[in-house]
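Remarks on the structure that follows.
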Amino acid sequence: MNTHDESLITADGFAAAMARLGPFESAPRVAAAVSGGADSMALAMLVHAWVRTLGGSVLALIVDHGLRDESAGEAGEAAARLDTLGIEARILRLTGLDRGPGLASRARSMRFAALTAACAETGILHLLLGHHASDQAETVLIRALGGTGPNGLAAMPALVESAQTRLIRPLLRVSPLALRRFLLKAGVNWAEDPSNVDLHALRPRLRQLRADRDGAGSATSALVATAAASGATRAERDWLVATLLAERVSVRPEGFAILDRRPLAPAALSALIQAVSGSAFPPSLRKVAALAAAPSPATLAGTRLVSAGRFGDGLLLVREAAAMALPVAAVPGADWDGRFRLAARCAPPPGTAMGPLGGEAARLRSQSPLPAAVLQTLPALRCGQCLVAVPHIQYLTRRCANVFPCSSVHRSRRQALRSTLLEGGGARRRKAPYVVFSSCGGLFSAHGIHRRDQAPVARVDVSDR
């Protein structure tokens, strides 16, 4: 795979790459993460030119990590440079990021959280990142050094879809040399990030060992080709897993799954565990292989397999109560436990918290046919010590109803909660102003699990399909 093909960053070449990563709105509003370096500056210019032909616009998001005294000034310089190009920019300043162990990982997590939050705030679905061929090659090496399996060698996918954003990397086949030449031809300067040569970090050490600063060498091309081939294999495997799960598993909006006791492919069980646990990553196939071969009651990776009981002869995969996250403030868009999100249109009163129903499930058994193992893992709203609502079982505490100042809540609790909208695979009901939950982070669909009347959702691992 040639990483020095500059036709990929012409207007037509970039438009073709973006078309493969669509669909987009008729006049798309997109965001691009910009550090001020050559790769992200080139990305911003390419996106700006492309989106204007569609009648849309781009917002450049500049993250200031605050780790160096110069970082604020550098972010301002990047914003000013973008302004001269007619590109709107916004600076996102991180707080609470301190030097120490795991800095790169912590910085990456905080940066991504800030970027996605900014996209949600501005109503932007598409977030573009400027990772290029050298970044992809280094990711393959890092995964290989970590003992990854075939999925890991696919490295960074060109497209990842979640409930909040479509994460797009259109430059994975483009060398950093081609991007610098593009900027030089346009007469645009860029900043050099000193962290790129800090040999305390793994990526710069690999970069030095590879001795291919331009990213146009045969070794880089071979590593990028490895990622592309592994990505194609992973996409096909994801599709097969999605099909298997659609045929064998029933996924419930309350956050659990019903499956039979027949052997299941390890990849399918791993994806299902990730969805039910709300984890960012699936458990390894090695860890789930024995359980997949003979499904039976067990606890694994933040989930429990229990007998289905009134749901039949099979098993239920439920969230492990002991592994659930602590309560969080119930603000619009809040995520809890990686599984549920409070709808952005909701605005509970200050002081309301969202967390597990927990031990109070025992006194609500009569409210729902759900087993106790599921009830205690449902999201609930509380004001102080007062349990206000458990939307999934249409429960509202009448004595606490005044914290929800809307006429519908002051009716009987069953009428009030019937107005709740439960998304994520459940039936849609009339909207209520506050008590609205949806499955968090693309739960189920992000892992290819789908209802029988839907096409599976798969990530795109190869940018030139």
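No value in this document is a laboratory result; all are computed from the given coordinates. The structure displayed is predicted, hence computed values, not measured ones. FYI the Cβ positions are ideal-geometry reconstructions off the backbone, even for glycines, and counts take in every protein chain you see.
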Highest average packing first - 267-276, 223-232, 314-323, 48-57, Cβ atoms within 10 Å:
267-276, 223-232, 314-323, 48-57
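If you take every residue apart from Asp260 with its C-beta less than 10 Å away from the C-beta of Asp260, what net charge results, scoring Lys and Arg +1 and Asp and Glu -1?
Here the count lands on +2.
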Summing Lys, Arg as +1 and Asp, Glu as -1, what charge do residues with Cβ under 12 Å from the Cβ of Arg99 carry, Arg99 excluded?
0
Sorting Ala117, His131, Pro101 by the position of each Cα along the dipole of the stretch 90-135 (Lys, Arg +1; Asp, Glu -1; all at Cβ), the one nearest the positive end of that ordering is Pro101
Across the stretch 184-195, in residue order, what do the Karplus-derived ³J(HN,Hα) couplings come to in whole Hz, using 6.51 cos²θ - 1.76 cosθ + 1.60 with θ = phi - 60° and x for Gly and Pro?
4, 5, 8, x, 10, 8, 8, 9, 9, 7, x, 5
Among Pro369, Ala344, Pro332 - extreme Cα towards positive end, dipole of the stretch 321-381, charges at beta-carbon
Pro369
Filter the trypsin sites (Lys or Arg not before Pro) in the stretch 97-172 to those in DSSP coil with at most 12 other Cβ atoms within 10 Å of their Cβ, and list the result.
Arg99
Please report, in whole Å, how far the alpha carbons of the stretch 256-321 spread along each principal axis, starting with the longest.
31, 24, 15
Ordering 28-34, 338-344 by per-residue average of other C-beta atoms within 10 angstrom, highest first, gives 28-34, 338-344
So in the stretch 6-232, what percent of DSSP beta bridges are antiparallel if you round to the nearest 5?
15 percent
So how far, in whole Å, is the C-alpha centre of the stretch 198-217 from the one of the stretch 80-106?
23 Å
Can you give the net charge of the other residues whose Cβ lies under 13 Å from the Cβ of Pro369, counting K and R as +1 and D and E as -1?
+2
So how strong a dipole does the stretch 256-321 carry about its Cα centre when Lys and Arg Cβ are +1 and Asp and Glu Cβ are -1, to the nearest 20 debye?
80 debye
In whole angstrom, the spacing between the Cα centers of the stretch 15-67 and the stretch 174-189 equals 16 Å
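Run the dipole for the stretch 222-290 about the Cα centre, Lys and Arg Cβ at +1, Asp and Glu Cβ at -1, nothing else charged, and hand back the magnitude in debye, nearest 20. Kindly include the intermediate steps, with their values, before the conclusion.
Working: 8 positive and 5 negative charges, 47 e Å.
Roughly 220 debye, rounded to the nearest 20.
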Taking the Cα centre of the stretch 305-377 as origin and charging only Cβ (+1 Lys, Arg; -1 Asp, Glu), how large is the dipole, in debye to the nearest 20?
180 debye
